[in-house]
Amino acid sequence: MSDALVPAGAPAPFLRSPIPRALAARPTEARWRPGLSQQPLHSEIFASGDEASGAGLALALARDALAAAGGSEDARQVLWVQDRGAIRHGGRPCVAGLPPDLRHRLIHVAAPTPEDALFALEEGLRCRDLACVIGEIAGNRQALSFNASRRLTLTAERHGVALWLVRLDAEPDLSSARMRWRARAAPSLPPRWNPAAAGSAIWHAELFRARTHAPGEWTLSDANGHLHIVRPPADTSATPDIGDLARPTVGRSLA
């Protein structure tokens, strides 16, 4: 906020948001890529409610950020919050289908309303005993105003707990999220041993707003246990790497 727009005599919290120095000093990256060590603490992902691409990409981005931050040995819980509309669209996360490192430490909250979901998200962001928070809210809800978004951003940055909020069947409105994505399913590469079988989940991800990165589009996958960019093979008959043979998935289809 420009000092010229600050009312005279405004209190200190109005002048400066309580953002840690480490966040304020982060350099601007020209291009986002998987594996960056410095990730924003509040991101939004816009996706269709007819597919699980939003939840799949949110989970992949969260695991990528935790791994980049040296969280491979992090045993803290992961909070996953859904409102009733999100559950109606895609169902609840299936614990047995989660990556093995998350199956034993998932806390799921089924909120009856968007207001309840936002309350649970904000309370989760205040808890440093959580590795991260993932949320799903359906539609453009009045409860998710710019002020509500700002509260989430400030809470995440104050306590150092990251949030990936999936917006199902919603249009991008005013938000203070540091990164905003659009996600949709992309064609999977055929498995090596059975071309007729379903391939690993692949997402087309568009970063259309970010404070520290230029906008861009990527085809992403986490088939090898880490998030990476998928480049189509020059020869359509080429087969994917053997690492694509097995991967953990969320219980519902992420394709």
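Residues that are of a type outside the set (D, E, K, R) and either assigned to a loop (DSSP other than H, G, I, E, B) or surrounded by fewer than 17 Cβ atoms within 10 Å (Cβ to Cβ) (or both) within the range 164-177 comprise Ala170, Pro172, Leu174, Ser175, Ser176, Ala177, listed in sequence order. Residues that are more than 24 Å from Phe146 (Cβ to Cβ), of a type in the set (S, T, N, Q) and either at pLDDT 95 or above or outside any loop (DSSP other than H, G, I, E, B) (or both): does the range 40-47 have at least one? Looking through the range 40-47, none of the residues is more than 24 Å from Phe146 (Cβ to Cβ), of a type in the set (S, T, N, Q) and either at pLDDT 95 or above or outside any loop (DSSP other than H, G, I, E, B) (or both). Return yes when Ser200 is in contact (Cβ under 8 Å) with a residue 12 or more places away in the chain, part of a loop (DSSP other than H, G, I, E, B), touching a Lys or Arg at 6+ places or on another chain (Cβ under 6 Å) and not aromatic (Phe, Trp, Tyr) and no when it is not. So Ser200 fits the description; yes. Within the range 108-129, being hydrophobic (A, V, I, L, M, F, W, C) and either touching a Phe, Trp or Tyr at 6+ places or on another chain (Cβ under 7 Å) or under 14 Å from Asp83 (Cα atoms) (or both) holds for Val109, Ala110, Ala111, Ala117, Leu118, Phe119, Ala120, Leu121. Taking the range 209-228 as the range and being within 21 Å of Pro99 (Cα to Cα), buried (at least 18 other Cβ atoms within 10 Å of the Cβ) and of a type in the set (Gly, Ala, Ser) as the test, the residues that pass are Ser221, Ala223. Within the option set Arg180, Arg158, Arg184, being in a strand (DSSP E or B), surrounded by fewer than 20 Cβ atoms within 10 Å (Cβ to Cβ) and in contact (Cβ under 8 Å) with a residue 40 or more places away in the chain holds for one residue only, Arg184. Considering only residues in the range 89-131 that are within 23 Å of Ser48 (Cα to Cα) and assigned to a strand (DSSP E or B), the one that is least open to solvent (accessible area, probe 1.4 Å) turns out to be Ala111. Leu152 falls short on exactly one of the conditions (1) outside any loop (DSSP other than H, G, I, E, B); (2) under 21 Å from Leu36 (Cβ atoms); (3) open to solvent by less than 20 Å² (accessible area, probe 1.4 Å), and that condition is (2). Does Gly135 qualify as being out of contact with any His (no Cβ under 9 Å at 6 or more places or on another chain), at positive phi and in contact (Cβ under 8 Å) with a residue 24 or more places away in the chain? Answer is no for this residue. Does Ala143 meet the test of being without any contact (Cβ under 8 Å) to a residue 40 or more places away in the chain and either farther than 19 Å from Ala177 by Cβ or open to solvent by 20 Å² or more (accessible area, probe 1.4 Å) (or both)? Answer is yes for this residue. Examine the range 78-88 for a residue that is within 12 Å of Gly135 (Cα to Cα), acidic (Asp, Glu) and free of Cβ contacts under 8 Å to residues at least 60 places away in the same chain, and state whether such a residue exists. Looking for residues that are within 12 Å of Gly135 (Cα to Cα), acidic (Asp, Glu) and free of Cβ contacts under 8 Å to residues at least 60 places away in the same chain, one finds at least one in the range 78-88, hence yes. For Glu206, the stated conditions do not hold, so it cannot be described as without any contact (Cβ under 8 Å) to a residue 24 or more places away in the chain, part of a strand (DSSP E or B) and open to solvent by 30 Å² or more (accessible area, probe 1.4 Å).
Yes or no, residue by residue, for (1) of a type in the set (A, V, I, L, M); (2) modelled with pLDDT of 95 or more; (3) within 27 Å of Gly35 (Cα to Cα):
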{"site": "Ile87", "(1), (2), (3)": "yes, yes, no"}
{"site": "Gly90", "(1), (2), (3)": "no, no, no"}
{"site": "Pro93", "(1), (2), (3)": "no, no, yes"}
{"site": "His108", "(1), (2), (3)": "no, yes, yes"}
{"site": "Thr113", "(1), (2), (3)": "no, yes, no"}
{"site": "Ala120", "(1), (2), (3)": "yes, yes, no"}
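Condition check: among the small types (Gly, Ala, Ser) and crowded, with 24+ Cβ neighbours inside 10 Å. Does Ala52 satisfy that? Spelling it out, Ala52 is indeed among the small types (Gly, Ala, Ser) and crowded, with 24+ Cβ neighbours inside 10 Å.
The values are calculated or read from the model by the stated rules, or taken from the named source; none is laboratory data. Just so we're clear, the structure is a prediction, and the values are computed from it rather than from any experiment. Using ideal geometry, Cβ is built from the backbone for each residue, glycine included, and neighbour counts are taken over all protein chains shown. For accessibility, only protein heavy atoms count, side chains too; no ligands or nucleic acids. Shrake-Rupley method; radii C 1.70, N 1.55, O 1.52, S 1.80 Å.
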